[in-house]
Amino acid sequence: MRLLIVILFPFVLHAQDKLNERGTYVISVITKGGIVVGSDSRACLLDDTDVHKPIYSYSDGVQKIFNYRKVMFQFAGQYTYSYFTIWGLFMKFEKENKIQVTARNFFYVFRNFAKNNLSGEDFIQFNANTIYVVSGYVKFIPCIYVYSKNYEDSTIGGGYITNDPIDNRNPIFVHDMDTITFNSAMTYIRRLIIEKSKQKNNQVSDIGGSPSIGYIKSNGSVFSDFQNKYSFANQKDQLIANFYDKIPRWYKSKIDSIKYKNTIIKILKNTFNTIL
């Protein structure tokens, strides 16, 4: 895992599995008065357990940005683990964490919490298949930290971030866009995410759903308008809700709908000993 620190204004990340047509769009903009963050809210689940191929099933209203005190935490990648979802893991962290955090050390604290609460295999996936973006103030300086491993990342021109040990370098700042206003930044982010969701030409886009927006001002005030209507704390509840169509979903084909529900039945039976 490697640490990249504050390179762009704005910072834009489109993490995409091009082969399986899954992706997430997150953005963090440092303005004159603070940091504005945004993301899409579309989730793409699951894999066919028999042939390990993707099922093209999409739902919106999934929370991909979290606020912990005066830190904004965004993620792109694997959302669901054997028991927890990222949403559920963060809710548990929010209740139980006793360690003081800043944007500088938040990821290390959260990562150790994940290590103690996920299975060994799940923690490997937590490290390998997800990009994490942390925004906030460190000694009154706005910072954006990006943590990633073995994942294609548009911030470095479409290549792969190395899996070298974490490299704690000094922040690099560029101030050519730090006069943008809060309202302009939020409008820009909303419009950008909405436009990205329209780029599939009559197909379901891997980017979509209502944008999540939040900010941290330099004076310490925090605002969040995050999409979480269909976020669940654990995989079992999420699967049951999906099976009974309590979550609006889109499929690329009718066969994907059938495969999706058959896979849910298998996972619930094999992992949770639950029969619908």
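Pairs please, first residue from the range 21-37 and within 14 Å of ILE131 (Cα to Cα), second anywhere and aliphatic (A, V, I, L, M) and at pLDDT below 80, Cβ atoms under 6 Å, 6+ apart in sequence or on different chains. If the second residue must be aliphatic (A, V, I, L, M) and at pLDDT below 80, the pairs left are THR24/ALA15; VAL26/LEU13; ILE27/VAL12.
Being closer than 12 Å to THR24 by Cβ, in a loop (DSSP other than H, G, I, E, B) and modelled with pLDDT under 80 is the filter here, so list the residues in the range 186-212 that pass it. SER197, SER205, ASP206, listed by residue number. Filtering the range 224-234 to residues that are among the hydroxyl-bearing types (Ser, Thr, Tyr) and not in a loop (DSSP other than H, G, I, E, B) leaves only SER224. Selection within the range 218-233: residues that are among the hydroxyl-bearing types (Ser, Thr, Tyr) and more than 18 Å from ILE207 (Cβ to Cβ). The member of this set that is nearest to the chain's Cα centre (by Cα) is SER224. One residue stands out among those in the range 240-269 that are in a helix (DSSP H, G or I) and free of Cβ contacts under 8 Å to residues at least 12 places away in the same chain: the one that is nearest to THR80 (Cα to Cα), which is ALA241. All conditions but one from (1) in contact (Cβ under 8 Å) with a residue 12 or more places away in the chain; (2) part of a helix (DSSP H, G or I) apply to ASP237; the one that does not is (1).
The values are calculated or read from the model by the stated rules, or taken from the named source; none is laboratory data. What you see is a predicted model; the values in this text were computed from it and never measured. Please note: Cβ atoms are built from the backbone with ideal geometry, for glycine as well, and neighbour counts cover all protein chains shown.
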